[in-house]
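Just below is one structure, and these are the notes that go with it.
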Amino acid sequence: MIEIKGVTKQFKEKKVFLTALKHVSFTVKQGQIVGLLGENGAGKTTLLRTIATLLSPTDGQVLVAGHDTVESPNEVKKRIGVLFGGETGLYERLTARENLEYFALLYGMSKHETKVRIDDLAKMFGMRDYLDRKVGGFSKGMRQKVAIARTIIHNPDIILFDEPTTGLDITSSNVFRQLVHQLKRDGKTIVFSSHIMDEVSMLCDSVAMIHKGELVFHGNLEALYKTEASRDLNYIFMSKLVRGNEHAS
């Protein structure tokens, strides 16, 4: 479970404080898939980085599986997998397999466990043909698939995805969506940001909408459709931005 309690995050730029998040509060329950929606610069990535312990809140608190992200970052890191858009975290001079083996080693996985896991992920993402090629020569889509595999190599309970299908073709995007459905069946907790509303509608239980650093809505997706008398998530999202802060639980 993820508990976000009154989180504010400010950055200092040229002696001026810029506020990226303003008193954001909501909870993600265990086994839930939450879509994080917002325009570019709304604060989505800042929030995900704060959950992932990469940023510390200026004010407020984030708890991941009961552990404070500031006081117990290592405990949080053991339980999460993270993929940020545009940042694959891969080493170009290593092969895809070597990259995955390296990250598995960091998580303390055994050689046998690592081999089985890599074989399963390579089959799942159709990577077997280039598993032993150096990542430096990969296309954007190939890199993204290896990066997603890296994110879940250690079978984390909580997964954070920032624009996970960026650079993927239709087939690979469908494979990713099937993966998310499987992760949900396995009881994983997932938060992911996306600009693809159909993807959010298809995969998420609930959504959190952020506008200019503020939470303008958080709630169950089906309940939202019923309240708005529409299943057009893009229309609902734009409408929420116009109407402003309407927190829901």
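Things to note:
- If you check Val242, Val180, Val216 for being under 13 Å from the mean Cα position of the chain (by Cα), on the phi < 0 side of the Ramachandran plot and of a type in the set (A, V, I, L, M), only one passes: Val180.
- Restricting region 78-108 to residues that are assigned to a loop (DSSP other than H, G, I, E, B) and either touching a helix residue (DSSP H, G or I) at 6+ places or on another chain (Cβ under 7 Å) or acidic (Asp, Glu) (or both) leaves a set whose member that is surrounded by the fewest Cβ atoms within 10 Å (Cβ to Cβ) is Arg93.
- Hits in region 163-200 - residues which are in contact (Cβ under 8 Å) with a residue 12 or more places away in the chain and part of a loop (DSSP other than H, G, I, E, B): Glu163, Pro164, Thr165, Thr166, Gly167, Leu168, Asp169, Gly187, Lys188, Ser194, His195, Ile196
- First in region 69-92 and more than 24 Å from Thr165 (Cβ to Cβ), second anywhere and among the aromatic types (Phe, Trp, Tyr), Cβ under 9 Å, 6 or more apart: Lys78/Tyr107
- Subset of region 42-63 that is assigned to a loop (DSSP other than H, G, I, E, B) and hydrophobic (A, V, I, L, M, F, W, C) - its residue that is nearest to Lys29 (Cα to Cα): Ala52
- Of all the residues in region 183-212, those that are under 13 Å from the mean Cα position of the chain (by Cα) and among the hydroxyl-bearing types (Ser, Thr, Tyr) number 3.
- Residue pairs meeting the criteria (Cβ under 6 Å; at least 6 apart or on separate chains; first in contact (Cβ under 8 Å) with a residue 12 or more places away in the chain and under 13 Å from Gly213 (Cβ atoms), in region 47-65; second surrounded by fewer than 21 Cβ atoms within 10 Å (Cβ to Cβ) and small (Gly, Ala, Ser)): Gly60/Gly6
- Residue within region 159-182 that is modelled with pLDDT of 95 or more, among the basic types (Lys, Arg) and under 25 Å from Ile51 (Cβ atoms) present: no
- Residue match in region 122-143 (condition: closer than 27 Å to Thr69 by Cα, assigned to a helix (DSSP H, G or I), modelled with pLDDT of 90 or more and among the hydrophobic types (A, V, I, L, M, F, W, C)): no
- Residue count for region 204-239, restricted to those that are touching a strand residue (DSSP E or B) at 6+ places or on another chain (Cβ under 7 Å), outside any strand (DSSP E or B) and among the small types (Gly, Ala, Ser): 1.
- Qualifying residue in region 226-239 (condition: more than 26 Å from Glu101 (Cβ to Cβ), within 13 Å of the chain's Cα centre (by Cα) and surrounded by 13 or more Cβ atoms within 10 Å (Cβ to Cβ)): no
- Residue that is surrounded by the fewest Cβ atoms within 10 Å (Cβ to Cβ), among those in region 35-63 that are hydroxyl-bearing (Ser, Thr, Tyr) and more than 15 Å from the chain's Cα centre (by Cα): Ser56
- Hits in region 1-37 - residues which are touching a residue at least 24 places away in the same chain (Cβ under 8 Å), of a type in the set (A, V, I, L, M) and over 18 Å from Thr189 (Cα atoms): Val7, Ala20, Leu21, Val24
The values are calculated or read from the model by the stated rules, or taken from the named source; none is laboratory data. The model shown is predicted, which means the values in this text are computed figures rather than measured ones. Reconstructed Cβ throughout: ideal geometry from the backbone, glycine too, with neighbour counts over all protein chains shown.
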